[in-house]
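Remarks on the structure that follows.
The values are calculated or read from the model by the stated rules, or taken from the named source; none is laboratory data. Since we're looking at a predicted model, the values are computed, not measured. Note that each Cβ is placed from the backbone with ideal geometry, even for glycine, and that neighbours are counted across all protein chains shown. Note: accessible area is taken over every heavy atom of the protein model, side chains too, but ligands, DNA and RNA are not part of it. Shrake-Rupley method; radii C 1.70, N 1.55, O 1.52, S 1.80 Å.
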Amino acid sequence: MKILFLSAAKSIHTIRWVNSLALRGHEIHLVFKKDHQIEGQDVLQKDICLHPLRYTGMAGYYLNAWQLKKLVKQIKPDVINVHYASGYGTLARRARLNSYLLSVWGSDVYDFPNESIIKRYILKKNIKYAKYLASTSYCMANQLKRVMNDEKLDIHITPFGVDLKEFDPYKYMQKKKDCIIIGNIKTLEKKYGINELILAFADLKKDLDKSDSKIKIKLKIYGKGSLKEELVKLISRKGLEQDVELMGAISHEKVPAALAEFDIFCALSQLDSESFGVSVVEAMAMGRPVVVSDVDGFKEVTTNETGRIVPRNDLESVKRALKELVVDERLRIRLGENGKKRVRELYDWDKNVDIMEMLYKSINE
């Protein structure tokens, strides 16, 4: 098939979709605003055709409509898949494209329509204009139905799982450590609850120290973002300089090795726009038990048999959940094994691409 993707080229989500489909022999055309250009073309399959659109910024979602329409006429794709219902959804509608699949991502459904009446109006227009709709999770599909006030809205579920050939714990030798490592891989922004994680870790360490426990713990946080300086000050204020490490940004191909070093993965996102939880699924694939907040996406991918789900902003519950796993190695192993099994059953990337591919074929018939 000849497939046109209208999506941000620099997004790892886009990169994974287009690469996987190109490797299956499809002709892929990736169309994007120039300011969403990918850094380093070597991360994309060489036969993917790139089409940067002229205008950048928010205005680009309107001003690029003519160029996009012209491109579609030239390429004549069998399937058009537009990713992100707010920005690129607006561009597809303004270009009056015919019969395309609109994939919603998260903040476009959870946050964007609540920012203003106008934005809600724009989103509703974009959703109504698209012929087909897709969501990576059931919870996000339900949110979209609530926004549209339409419980019968037809939304295809296309999970965004993990490549089990890359996220394979058996490829990594378990190093002997003198401590339990709790870890997180997220952007250092308020919505991801990094502050809460550090505070809960501080409380847990205090508990262990008071009980004269021989168990030592460390916290490793990967990612970059605007909160870095604030987090450095928090770590210093809590006297955790020797116990908490801000590891900086990490490329996607290095994530499995980082997860292999963790004993527990903890993600405390604060907003329901965390609508799938790829990082949690990746940790589960690596056999790591997880402690997560009760945002929609995490509740869908996690169970009490793979980890612990705690209320948002409840540091005491986070501390208790982490402590339970820190002191019980057999529980960590059991939950980790259950997590691997769940990912194999539901979030195997090859099977997820099969689902998307079958959806494309049904659209093209």
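Details
- On the stretch given as the range 126-154, residues that are assigned to a loop (DSSP other than H, G, I, E, B) and surrounded by fewer than 20 Cβ atoms within 10 Å (Cβ to Cβ) total 7.
- With a requirement of 1 or more residues that are closer than 28 Å to residue 84 by Cβ, among the polar types (S, T, N, Q) and under 16 Å from the mean Cα position of the chain (by Cα), the helices (runs of 4 or more DSSP H) lying completely within the range 210-307 that satisfy it span 278-285.
- Cβ-Cβ under 6 Å pairs, at least 6 apart or on other chains, the range 1-27 side touching a residue at least 12 places away in the same chain (Cβ under 8 Å) and of a type in the set (D, E, K, R), far side open to solvent by less than 20 Å² (accessible area, probe 1.4 Å) and not in a helix (DSSP H, G or I): 10/38
- Candidate set: the range 155-180, residues that are surrounded by fewer than 18 Cβ atoms within 10 Å (Cβ to Cβ) and in contact with a strand residue (DSSP E or B) (Cβ under 7 Å, 6 or more places away or on another chain); chosen: the one farthest from residue 233 (Cα to Cα): 156
- Output for the range 74-86, where each listed residue is within 18 Å of the chain's Cα centre (by Cα) and surrounded by 23 or more Cβ atoms within 10 Å (Cβ to Cβ): 82, 83, 84, 85
- Matching entry among 327, 290, 301 (being open to solvent by less than 20 Å² (accessible area, probe 1.4 Å), of a type in the set (A, V, I, L, M, F, W, C) and out of contact with any Cys (no Cβ under 9 Å at 6 or more places or on another chain)): 301
- Criterion: open to solvent by 20 Å² or more (accessible area, probe 1.4 Å) and closer than 26 Å to residue 162 by Cβ - qualifying residue of 102, 50, 6: 50
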